[in-house]
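Novice: Pasting in a structure now, in structure tokens, and then I'll have a few things to ask.
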Amino acid sequence: YAMEELFGAEPSGDVECWFERINGRTMRSDLTVDVRTTVHLEGWMLSPGIFPDAETTARYVLLRNVETDETHAAQIYQHWPRQDVANDRHHIDSTYTMNCGFGSLFSMAKMPPGVYQVGCGMKNSTKATCSWSQYRLRLLSTDRPNNGEAREPGRRRRSAERQDA
């Protein structure tokens, strides 16, 4: 995607997000992921003025190649309750914070190998905003096994498109 297509020429940076877990493990920087795997990402994102659970709201997880700046966006459709986020941000109206959580499956199969910065974006009819986290993912090519290790016998490749968790 061209960022302008999704968020306009000058998106605001007025979005807060936190990526908590990837495939059930605590999110950390410089994780390595094989492009053959489906990634389950959990976290939350909020922006005052954008209702996370409104039909007119679109929320995205973004991956930007650190060398080419090419950006990939995957829309997320869940809006999990996050009482902890609402409690910690009591200065923000809870209609923007209460259902700001998400957990989504993403296929990496069509992504070129490389290092990607992870970000988030939100938009509705009146506002578009995005920001980048400190997290980076290294996507490995399916052309060569990870560190020379062969796949476990009997373990087949699974191809999956984006799914809701």
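Bear in mind these aren't lab numbers, they're just calculated from the coordinates by the rules spelled out. As the structure is a prediction and not an experimental result, all values here were calculated from the model. Here the Cβ positions follow ideal geometry from the backbone for every residue, glycine too, while neighbour counts run over all protein chains shown.
Novice: Test of the criteria: in the stretch 1-108, which trypsin sites (Lys or Arg not before Pro) are in a DSSP loop and have at most 15 other Cβ atoms within 10 angstrom of their Cβ?
Specialist: ARG28
Novice: Something else now. For the residue pair LYS110 and GLU70, what label-to-label distance in nm results when each label sits 7 Å from Cα along the Cα-to-beta-carbon direction?
Specialist: Label at LYS110, label at GLU70, 1.3 nm between them.
Novice: I would also like to ask the following. In percent, how large is the relative contact order of the stretch 20-124, given Cα pairs closer than 8 Å and 6 or more residues apart?
Specialist: 39 percent
Novice: Please work out the FRET efficiency for the pair THR126 and ASP88, using the Cβ-Cβ distance as r and a Förster radius of 25 Å; give the result to the nearest 0.05. Don't jump to the answer; show the numbers that get you there.
Specialist: Details: r = 26 Å, r/R0 = 1.03.
About 0.45, to the nearest 0.05.
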